[in-house]
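Here, each number is a calculation from the coordinates, and none is a lab measurement. Since this is a predicted model, take the numbers as computed values, not measurements. Neighbour counts run over all protein chains shown; Cβ positions are idealised from the backbone, glycine included.
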Amino acid sequence: MLEEVERWLNARSWSAGDRPLQRLLAAKHATGQSVSVVLPELMERAPLVDEIVVVDSGSGDRTSQVAAAAGARVVHRDAILPRIPAVPGKGEVLWRSLLVTGGDIVCFVDADLREFSPDFVSGIVGPLLTDPDVHLVKAMYDRPLTVSDGPAAGRTAPGEGGRVTELVARPLLNLHWPRLAGFVQPLGGEYAARRSLLERLPFPVGYGVELGMLVDSLHLVGLDALAQVDVGVRVHRHQDGRALGRMAAAIYRTAQLRLARGHLVRPTLTQFQRGVDGFEPRTYAVDTEERPPMAEIAEYAARRVA
């Protein structure tokens, strides 16, 4: 198994600089593929991106207004497939976005990135434009952690940002799906995939979506159809330990569903916070719902026919 992972790392791991923009544009023109992504910067610099779509899930800031002013098409989550009531969660938004985007290649990028570089898009879209055997590409990067409090507040710890990845996702993948052990950032929110793959995948509605997508893609298209590209450094906001605990529980639940359906753990997570009278329990539901492959949704099939 180790030899297979090493072979895959050598064959399917690249750097964003390996495919210059002009090569990508030539490949895009030659293949006729279209790209859907939520990043206006590239639209101004080169015609690599065909559409910009922002799915608004009810955020309280001005993201929608800013995105619309920058030229993006903004669609509210609840307006997409209204016959199926929306539930909170990242995966829910990604799943519904397939109905309001038209690109042959769909690129997802988390909205909380700082110090953004267009390489986050061109890097992960590149292999899909130039290699027909590649179906899904994850970004890989350094993830520094900025300490928010205590004596070390403000200090940056290189490589310490992916806490849920290192404590939960990487052990799960190495123990149960060792062929995926070569992914540097398995939970990273920056990845691109062919629509023909995405529409056949179930989508966990919450934070388990990235792990579920990797595992299901492995079984559906095989390891050599998966790849990763080094895009440098990813700087983003960090969540507190309790939020990370809830994220970890959702990821474990996603893995467990794929390991042994019918032997499920209790789908709640109890955490503790010190109050006036001591430690007080806080119990949260763990994301348990998954959306079916989009190809099974009648509205999606009708849109494709039209």
Could you order peptides 124-131, 241-248 by the average number of other Cβ atoms within 10 Å of their residues, highest first? 124-131, 241-248
Using a simple spin-label model with points 7 Å from Cα along the Cα→Cβ vector, what separation in nm is obtained for GLN65 and SER34? 3.1 nm
What order, most packed first, do the peptides 175-183, 80-88 have when packing is the mean number of other Cβ atoms within 10 Å of each residue? 175-183, 80-88
When the chain is fully extended, how far beyond the present Cα-Cα distance does LEU25 get from GLN273, taking 0.36 nm per residue of separation? 84.0 nm
